[in-house]
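Below is one structure, written out as structure tokens; the observations come after it.
The values are calculated or read from the model by the stated rules, or taken from the named source; none is laboratory data. Quantities reported herein were computed from a predicted structural model and do not represent experimental measurements. Backbone-built Cβ (ideal geometry, glycine too); neighbour counts: all protein chains shown. Just so you know, the surface numbers come from the protein's heavy atoms only, side chains and all, with ligands and any DNA or RNA stripped out. Shrake-Rupley method; radii C 1.70, N 1.55, O 1.52, S 1.80 Å.
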Amino acid sequence: MTVRIDRSFAVDASRERVWEFIVDPANRAQAISVVESYSIDDPEGRRATWQVSLPIPLVRKTVTVNTEDVTRRPPEYVKFVGESKVMDVTGEHEIVETDDGARLENAFVVNGKLPGVERFFKRNLDSELENLQRALERDLQTTQ
């Protein structure tokens, strides 16, 4: 009941600028289509709570996912974990400096605890990472 996806993409921005975006848990939450709302639960932004709506038969209401950044190595790496009754998620974001800017390497693992969770994420996790890429690119355009 585990789904893993790895995806990377290049952007025309410094590693530090990409770090500013990806370390913000609000940016990560807003990029995920099934996150209906979220709250940042500490001043450093290491803990956040997501309210997730999964379109699967056994989940009829939003699911609370408690997330926490367990590793931060500015400006190159952040790893977060999220736990809920229906799934656990791990996300890793590594920022690699390139000649043209930076490359964001992403890895997500979802462990479903109910039937259908892993099937949903197997079909949709790649598009969720595309959402993250678009959100980063929009953010870079508005701040450059």
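Numbers at a glance
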read-out	value
Residues within the range 79-105 that are in contact with a Phe, Trp or Tyr (Cβ under 8 Å, 6 or more places away or on another chain) and either under 17 Å from residue 20 (Cα atoms) or among the hydroxyl-bearing types (Ser, Thr, Tyr) (or both), tallied	8
Residue selected from the range 89-108 under the condition of a type in the set (D, E, K, R) and in contact (Cβ under 8 Å) with a residue 60 or more places away in the chain, by the criterion least open to solvent (accessible area, probe 1.4 Å)	105
Index of the failed condition, residue 45 passing every other in (1) at positive phi; (2) in a helix (DSSP H, G or I); (3) not β-branched (Val, Ile, Thr)	(2)
Residue 72, sole failed condition from (1) of a type outside the set (Asp, Glu); (2) open to solvent by less than 30 Å² (accessible area, probe 1.4 Å); (3) at negative phi	(2)
Residue list for the range 1-59, restricted to those being farther than 30 Å from residue 100 by Cα, open to solvent by 40 Å² or more (accessible area, probe 1.4 Å) and polar (S, T, N, Q)	2, 37, 39, 51, 53
Selection within the range 98-118 - assigned to a strand (DSSP E or B) and either under 16 Å from residue 136 (Cα atoms) or among the hydrophobic types (A, V, I, L, M, F, W, C) (or both)	101, 102, 103, 104, 105, 106, 107, 108, 109, 110
Top-ranked residue of the range 109-129 - restricted to ones that are open to solvent by less than 60 Å² (accessible area, probe 1.4 Å) and acidic (Asp, Glu), ranked as nearest to residue 16 (Cα to Cα)	128
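Listed here are the residues, each with its yes/no results for (1) in a loop (DSSP other than H, G, I, E, B); (2) of a type outside the set (D, E, K, R); (3) farther than 20 Å from residue 5 by Cβ.
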position: 38; (1), (2), (3): no, yes, yes
position: 59; (1), (2), (3): yes, yes, yes
position: 78; (1), (2), (3): no, yes, no
position: 90; (1), (2), (3): no, yes, no
position: 120; (1), (2), (3): no, yes, no
position: 124; (1), (2), (3): no, yes, no
position: 127; (1), (2), (3): no, yes, no
position: 132; (1), (2), (3): no, yes, no
position: 138; (1), (2), (3): no, no, yes
